[in-house]
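Below is one structure, written out as structure tokens; the observations come after it.
The numbers here are math on the coordinates, done by the rules we state, and not lab data. This structure is a prediction, so every number in the text was calculated from the model and none was measured. Note: ideal-geometry Cβ built from the backbone for every residue, glycine included; neighbour counts use all protein chains shown.
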Amino acid sequence: MKKVKEIKRWVDGYNEVKKATEELQLAFDFYKESIVSEEEVDSAYTHVFTLLESMEMKNMLSSEEDHLGAVLKIVSGAGGTESQDWASMLLRMYQRYSERNGFKWAMSNYQDGDEAGIKTATLEIEGDMAYGYLKSENGVHRLVRVSPYNAQGKRMTSFASVFVIPLVDDTIEIEISPALLTWETFRSGGAGGQNVNKVESGVRLRYQYKDPYTEVEEEILIENTETRDQPKNKENALRLLRSQLYDRELQHRMAEKAKVEAGKKKIEWGSQIRSYVFDDRRVKDHRTNHQTSDVQGVMDGNIDEFIKAYLMEFDS
């Protein structure tokens, strides 16, 4: 059924482009006979061009993990309240992006900042190609603005890190050894009424992981406070663990592929990828040099052009 759905998506996309192209040809013929205006022909052309670009972008996302949902984690950098406020702004940006694109999101972990903003938050984003698009957001995001938290009104620089991994589904087999799992429970923080203080619904999962390729051992720690139902939170924590283990295997495959394709331009994950300069009204991606002056639009989730520029340059 998955294969049928994938084929149908391409057939439907082809038919949509074919129909739009025929309408463009018809509009041009009508223009020559002075039946329609030049603006109407331009509009039909723009429509065809947009559809073709959308198909081309989907063609870039051909890896098996691209069709999955995404786990997106935001962590504030050094800088206290200013960085924590910046992290909360990024969280809102990705929530709005998800809503604009018809993706469903759920908060699996959330930790308030000391005075404002957040220390960290994790979103589970479900939707076709969610990971394929959002993988371009992995890295350090830099904010430059006149800080509302600075009494002297100085220009401040803040950082927050974004980590994106595929959200695995039940069709992907990941082996987890129960003997290497330990559980802890705790009371969830934040707003939530009396239940927050009385019931230990939050869960903390510790998994003793051994890398099968390097033999290096480490502990994977996952916290989940998504619901007030402890069993449900345990289930969600295991799902996030499976996503992390899948991502590690994926990173190994990518590293092996990079050795073969050493001539291609590299992307260093975790490096500074984008700057948001509020008072200069400029957002610039340092990997593709794509930039815009629509700072408010970007913060409202309109990051499609940045994602498109990344995919066109690095996934081709």
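Over the chain, with a Gaussian network built from C-alpha contacts below 10 Å, which listed residue (V146, V298, V164) shows the highest mean-square fluctuation?
Largest GNM mean-square fluctuation: V146.
Hey, in the GNM for the chain with a 10 angstrom Cα cutoff, which one of S83, S63, S136 fluctuates hardest?
Result for the chain, Cα springs under 10 Å: S63 fluctuates most.
To the nearest 20 debye, what charge dipole does the chain have about its Cα centre, counting +1 at the Cβ of each Lys and Arg and -1 at the Cβ of each Asp and Glu?
780
Most fluctuating residue of K32, K58, K119 in a GNM of the chain with Cα springs under 10 Å: which is it?
Ranking K32, K58, K119 by mean-square fluctuation puts K32 first.
Return the FRET efficiency for the residue pair K234, E126: r is the Cβ-Cβ distance, R0 is 25 Å, and the value is rounded to the nearest 0.05.
About 0.80, to the nearest 0.05.
Given labels modelled 7 Å from the Cα in the Cβ direction, how far is it in nm from Q152 to K3?
About 6.7 nm separates the two model spin labels.
In percent, what relative contact order does the stretch 128-176 have, based on Cα pairs under 8 Å that are 6 or more apart in sequence?
RCO, the stretch 128-176: 38 percent.
Put a dot 7 Å past each Cα toward the Cβ at M55 and Q296; how far apart are the dots in nm?
Placing both labels 7 Å along Cα→Cβ, they lie 3.7 nm apart.
Using the basic label-point model (7 angstrom from Cα toward the beta carbon), what is the E22 to D211 distance in nanometres?
Modelled inter-label distance: 5.6 nm.
PRE reach from E173 (point 7 Å along Cα→Cβ): which of the stretch 222-250 fall under 19 Å by backbone N?
239, 242-250
Over the Cα atoms of the chain, each weighted equally, I'd like the Debye log10 I(q)/I(0) at q = 0.06 Å⁻¹, rounded to two decimals.
Taking Cα atoms of the chain as identical point scatterers yields -0.26.
Percent relative contact order of the chain, based on C-alpha pairs within less than 8 angstrom and at least six residues apart? Working shown, then result.
Values: 517 pairs, mean separation 55.2, N = 316.
That works out to 17 percent.
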